[in-house]
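Shown next, in structure tokens, is the structure this report addresses.
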Amino acid sequence: MELQIAEVIHLNIYLLGLLILILALIIIASQMKNSKINRFMASVPGPVSFPLIGSAFHLINLDSTTLPDFLRKQLRHYPRIAGYWAAGKAYVYTGDRKILNTIFCSIQNTHKPTHYALFHDLGDGIFSSNGAEWRQTRKQINPSFRTEILQTFSDSFSYHTKVFLDNLQQNANTGSCVDLFTHLHTCTFDLVFENMLGYRMDLQRKKLTYLSKDFTEAAKMTFDRLFNPLFWSPWTYYISGKQNKLDRVARSLRNATKNIIDIHMERRSKNEKNSDLGNSSRFMDILLNNIETKHMSVEKAAEEAADLSIGGSITTSMTVAWALKIMAIRPEIQNTAYQEVMEVSEGKEIMMHDLSKLSYLESVVKETLRHYTVPMVGRDIVEDIQLDENEILPAGVQVILALFCLHHNPELWEKPGAFYPEHFSPENEAKRPKGSFLPFLTGPRSCPGQSYAMQSMKCLLANALLRYKFSSDETLPEDVMDGDYSLLYMLFPKSGFHVRVENRSASKTRTEDQDCSILEKKSLPHFTRKHLESSQPHFETIFENDALRLRSV
Ligand code: HEM
């Protein structure tokens, strides 16, 4: 008996010893890791840091409207890199070209930080996913952005551009201003729904602008939440009543994408496969194939579709709205772009194959993106990155990658604060070091929709210039960084996108002459006319009911 007790005591001491050893190893490992982080943070400049709160007090006034000014000060004080401590966590902020390119191109460091989870309410798909799930989705969707697929969107671009321009006609020659944003956002929703999800919603034709308005409101709420730590907890957000509102809007977009998927699946089950639909690389086919092979639930596919519709519509519409607003304020830029479009079009509508000839217009789009694109993105560093010979960015820090600072760095841009399309003339582009302009990022987690975006934006702008002249009484600040913006994925002007629209009498374009029914018949890239007509009433009913239900809540 005594022997047994001694054995138990002996065993317990042994286990206790093992436990202490494991704990000691964990503490040493974490200290080693932290000391790496501590060493790195001590080596980079940054604001003073106090125990517990770190440098968080610097962020007290930061919100979606003060962000541009904050970024500007960062650029001035810490042009290369800065370190911040907040709530015991190390944050690194950088707008440096070399560092940005090194981080973006790192295959291991594609993780998005936890705050991206706040965007799950709007769409819980590729935009915020991480690890194996992200890798798998990304690999699968990449082919749906190939040139040969994009080329099939040509008629669809023409059709929706034409509807957008027709809708603007009621504001033409009235002398009063129209806010372009909702018009454009509804148009780019139509484009993404049709080209990516294989469904013609015709929101513009039906004047269903609520999707743009509700979604914009929900996105604004999410960005406000991002800057308000009080609302980061689901509980406080729920109690504030905001979560309910957000859910309602998000449900509307999710229902839309889920209904589109249901319609496609129904067709597939009835063997109504379009000959060029079944195994193609189009985005919707990829989702449907994944559902059929049970690699993805219908709900997950709807989330992916919602994410893509958001990412693809708000960014392109905002860029086009900015470019038109700027050309309205700066007639000399508008005239040069118009002359180029006229030469290329020879009086006809600009089609997709004409776009590569519009180099000045492309410079205008790029200069617009330089100023107003997504100003910053975040990454969690999960594996050490060698920044240069003597500098390692350690795993465990979160980085804020400030494209805004890169795009306004006086060492890279001749006139950083001016709107100057000549920054993108072939000579100036050749002089600038590689990786100075990253509106779509670079590397494995860059924007897959870059070519789609450039083509759809140029198509909208070129045809808009052919048909209308834009003007405005607003002025641009001498230094673009002095403007009043809020963060809405990109920089959104507080004054909106109000411009006057006038018909260009001398240049009646083919778009104007053309009977829309011809375009309607031409512009069905995914389905035959029969497919669209048969499904349209079904979907419209579901969607409009949703709209009514939402409005009545
Ligand atoms: C002017 C237009 C656009 C701009 C400036 C833009 C910019 C960006 C940026 C900066 C990111 C990275 C975001 C981050 O890491 O936090 C991104 C990601 C993404 N974009 Fe775009 N984008 C545009 C248009 C589009 C379009 C038209 C589509 C699709 C039709 C699209 C689809 C996506 C997707 C799916 C991602 C997530 C990629 C991933 O995480 O692997 N974007 N975009």
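The values are calculated or read from the model by the stated rules, or taken from the named source; none is laboratory data. Just so it is clear, the structure is predicted and the values come from calculations on it, not from any experiment. Cβ atoms come from the backbone with ideal geometry, glycine included; neighbour counts cover every protein chain shown.
Of the residues contained in segment 478-493, one or more are found to be buried (at least 21 other Cβ atoms within 10 Å of the Cβ), outside any loop (DSSP other than H, G, I, E, B), touching a residue at least 40 places away in the same chain (Cβ under 8 Å) and away from the ligand (no atom under 16 Å from the Cβ). I'm trying to understand the selection: among the residues of segment 427-463, which are surrounded by 22 or more Cβ atoms within 10 Å (Cβ to Cβ) and more than 15 Å from the ligand (Cβ to nearest atom)? Passing the criteria: 462, 463. When residue 214 is tested against (1) surrounded by 15 or more Cβ atoms within 10 Å (Cβ to Cβ); (2) under 30 Å from residue 289 (Cα atoms), exactly one condition is not met: (2).
The listed residues are 153, 127, and the only one of them that is hydrophobic (A, V, I, L, M, F, W, C), outside any helix (DSSP H, G or I) and within 11 Å of the ligand (Cβ to nearest atom) turns out to be 127. Search segment 108-124 for residues being under 22 Å from residue 283 (Cβ atoms) and either without any contact (Cβ under 8 Å) to a residue 12 or more places away in the chain or within 12 Å of the ligand (Cβ to nearest atom) (or both), and hand back the single one that is surrounded by the most Cβ atoms within 10 Å (Cβ to Cβ). Once the filter is applied, the top-ranked residue is 123.
Annotation: residue 202 fulfils all but one of (1) under 24 Å from the mean Cα position of the chain (by Cα); (2) modelled with pLDDT under 90; the unmet one is (2). Against the conditions (1) away from the ligand (no atom under 16 Å from the Cβ); (2) at pLDDT 95 or above; (3) part of a helix (DSSP H, G or I), where does residue 412 fall short? Just the number, please. (3) is the only condition that residue 412 fails. Might you let me know whether segment 75-96 holds any residue that is small (Gly, Ala, Ser), surrounded by 15 or more Cβ atoms within 10 Å (Cβ to Cβ) and touching an Asp or Glu at 6+ places or on another chain (Cβ under 9 Å)? No, because not a single residue in segment 75-96 is small (Gly, Ala, Ser), surrounded by 15 or more Cβ atoms within 10 Å (Cβ to Cβ) and touching an Asp or Glu at 6+ places or on another chain (Cβ under 9 Å).
Against the conditions (1) at pLDDT 90 or above; (2) out of contact with any helix residue (DSSP H, G or I) (no Cβ under 8 Å at 6 or more places or on another chain), residue 162 satisfies every one except (2). Counting only residues that are more than 23 Å from residue 154 (Cβ to Cβ) and among the polar types (S, T, N, Q), segment 312-358 holds 4 of them. When the test is whether a residue is more than 15 Å from the ligand (Cβ to nearest atom), more than 30 Å from residue 335 (Cα to Cα) and of a type outside the set (Lys, Arg), residue 389 passes it.
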